[in-house]
Structure formats: C-alpha cells, structure tokens
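K.L.:
Dumping the structure here so I can ask a few things about it.
The values are calculated or read from the model by the stated rules, or taken from the named source; none is laboratory data. These numbers come from a predicted model, not from an experiment. For neighbour counting, all protein chains shown are included, and Cβ atoms are generated from backbone atoms with ideal geometry for every residue, glycine included. Areas reflect the complete protein model, heavy atoms only, side chains present, ligands, DNA and RNA absent. Shrake-Rupley method; radii C 1.70, N 1.55, O 1.52, S 1.80 Å.
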Amino acid sequence: MRPAEAQSQVSDYWTRRAPAFDGVASHVAQAALWRDVLSAAFEAEEAKEVVDLGTGTGACALIAASLGHRVRACDGSEGMLAVARRAAEASGLDVTFEQGLIEEATFAPASADIVTLRNVLWTLPDPMAALRKAHLLLRRGGVVFVSDGLWSVAAQYRSTYPETLAASLPRHDGLTEDETSTMLAEAGFGPARSWQHLFPASPYPGDVPMFVLTARKD
Ligand SMILES: C[S@@+](CC[C@H](N)C(=O)[O-])C[C@H]1O[C@@H](n2cnc3c(N)ncnc32)[C@H](O)[C@@H]1O
C-alpha cells in the first residue's frame, strides 16, 4: 500500500473512533498522573512554546496548556480534532489546533521549546520523518517528548486496522524504549532520558511495556 493511501486510511480510522476515544483513554482515566509526568519531563520553569504532533483528542496539548504553556497542535483526523477543540473550550484552555499531517504541518521551524508525540509513532507510515520534523520545529536546546509502547503484547491494545494497512506501517506492533532512543539519535537528538518510573504502575492495564522519553536538540 502506498504511504498516502495508508495515511488516508489511518485518518479515517481515527475519525471513526473519535467519539468514543476518550472513554477508554489512559490520559483521561489517569489524568493527574499524566499531568505530573509531563510536568516533570518538560523541565520547564516558565511558560514555553509547545507543539503537540498527532494530538488526537488533545491529550498532551491540553495538559501542556493547563501547565501554563502556549500550545499549538496538529492531527490528520478532523474527527479527533473536533473532540480536542470541544475539550479545550470546555476547560477554558487556549490551544491552536491545525488539521494536517505531521510531515506537512505549517508551524515555523525553530519555533518550539517542546514537541510532544504520544502514541503516534507506531501508527505512522514513516516514523523517522516525524522525529525529523520534531527536530526541525525545535529551537536549539529544545526538548522532544515521546511516549509509546509495545502494543503487540496485549490484545486489548492492538489496533483494529485492516491487515493490509497494518502491514504497511513499520512500527504497527509498537516500539521499545531502546529502539526509540536509537531513532531519536538518528534524528539528530542528544541522549534520551526516561521518565516512566514516575508512574507507580503502568498507566496501561495489562502491563504493556511503555516508555516516556525526552531528548534535547543540541
Ligand atoms: C493513538 S492516537 C494518539 C493521540 C494522542 N497523541 C494521544 O496521546 O492520545 C494517534 C493519532 O495520530 C494521528 N495521526 C496518525 N498519523 C498522523 C499523521 N501523519 N499526521 C498527523 N496525525 C496523525 C491520528 O489521527 C490519531 O489522532
């Protein structure tokens, strides 16, 4: 399957899932814990420019805004963004949402202090392109925040993508901390630092190996 066709199917899939997504999402069930972990991992003493790539229903974007940061976010699925926009409005948080693919996002290069990618790399036709985009968007000294997991080990977290779509996504089974650290280095980032120990237990019931990493643009 060509990457453009895969991407179109991925966006349609998430638009169909959007209305029910937050009902089962870890960032809602464990909102306070995720907020504490993002707050620690950002290592930000003052308000920063944050960009959330593949924001979905706004998980990282809304937390970052609640921490006082100025936040822009993009997603390929208009359905997911509609939920994110409603959530921002309901909580009085100011986030600029843009509909569009990560690789094509129009945010200015070197305009961000922090870029977040949570549970997005596994579903991309080209995950390295997204990490290179994060690197481009960051100022020197800026931080990329990446969280994901090895979703293949737990049936309840496997996607229900059609087989041909799943087969066209290089990380459809998920990612490990080590693999992602290597990918971050290949994208030009400095050494990765892990933060998942701040969760008292895995935030995903079923003990799916997950990680939270940050790395700086030197
Ligand atoms: C599992 S959801 C995660 C959403 C959110 N980051 C979170 O932590 O809840 C994956 C999201 O990635 C989005 N997505 C997939 N490929 C994308 C791309 N190339 N550009 C932008 N968004 C993309 C999907 O539309 C979906 O909203």
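K.L.:
Quick one: dipole size for the stretch 3-216, taken about the Cα centre, charges +1 on Lys/Arg Cβ and -1 on Asp/Glu Cβ, in debye to the nearest 20. Write out the running numbers ahead of the final one.
P.N.:
On the way: 17 positive and 26 negative charges, 53 e Å.
With Lys and Arg at +1 and Asp and Glu at -1, about 260 debye.
K.L.:
Let me ask something else about it. Which value in deg cm²/dmol, rounded to the nearest 500, describes the helix-derived mean residue ellipticity at 222 nm for the chain, given -39,500 (n - 2.57) per DSSP H run of n ≥ 4 and division by the residue count?
P.N.:
Details: 8 runs with 83 residues, N = 218.
Roughly -11500 deg cm²/dmol at 222 nm, from the helical runs in the chain.
K.L.:
Where Rh is the Kirkwood radius over the Cα pairs of the stretch 3-216, the temperature 25 °C and the viscosity 0.890 mPa s, what D in µm²/s does Stokes-Einstein return? Please list the in-between numbers first.
P.N.:
Details: Rh = 17.0 Å.
The calculation lands on 144 µm²/s.
K.L.:
Count the net charge of all other residues whose Cβ sits under 14 Å from the Cβ of Gly58, scoring Lys and Arg as +1 and Asp and Glu as -1.
P.N.:
On the way: positive: Arg35, Arg72, Arg85, Arg86, Arg118; negative: Asp22, Asp52, Asp75, Glu78, Glu89, Asp94, Glu98.
In short, -2.
K.L.:
Under 1.5 on a/c is rounded, so check that first for the stretch 147-218, then, if it is not, pick prolate when a/b is larger than b/c and oblate when it is not; a ≥ b ≥ c are the square roots of the alpha carbon gyration tensor eigenvalues.
P.N.:
On the way: a/c = 3.54, a/b = 1.29, b/c = 2.74.
It is oblate, given that a/c is not under 1.5 and a/b is not larger than b/c.
K.L.:
Among residues other than Gln99 whose Cβ falls under 15 Å from its Cβ, what is the net charge (Lys/Arg +1, Asp/Glu -1)? Write out the running numbers ahead of the final one.
P.N.:
Working: positive: Arg72, Arg85, Arg86; negative: Asp12, Asp52, Asp75, Glu78, Glu98, Glu103, Glu104.
My count for the surroundings of Gln99 gives -4.
K.L.:
Another question, then. Please express the shape of the stretch 66-116 as an equivalent ellipsoid: the semi-axes are the square roots of 5 times the eigenvalues of the C-alpha gyration tensor, given largest first in whole angstrom.
P.N.:
19, 16, 7
K.L.:
Identify which of Pro200, Pro19, Pro109 has the largest mean-square fluctuation in a Gaussian network model of the chain, with springs joining Cα atoms closer than 10 Å.
P.N.:
Pro200
K.L.:
Once the whole set of protein chains is in place, how much accessible area is left on Trp34, using a 1.4 Å probe, in Å² to the nearest 10?
P.N.:
0
K.L.:
Return one whole number: the accessible area per residue of the chain in Å², for a 1.4 Å probe. Mind dumping the intermediate values first?
P.N.:
Values: 9790 Å² over 218 residues.
Ligands and nucleic acids excluded, the figure is 45 Å² per residue.
K.L.:
Taking Cα centroids, how far is the stretch 140-210 from the stretch 8-63 in Å?
P.N.:
Here the two parts' Cα centres lie 14 Å apart.
K.L.:
With a 1.4 Å probe and all protein chains left in place, how much of the accessible area of the stretch 3-216 comes from carbon and sulfur atoms, in whole percent? If you can, show how the numbers build up before the last one.
P.N.:
Numbers: 4880 of 9370 Å².
That fraction is 52 percent.
K.L.:
Quick one: accessible surface of Glu46, probe radius 1.4 Å, all protein chains present, in square angstrom to the nearest 10.
P.N.:
Surface accessible to solvent at Glu46 totals approximately 120 Å².
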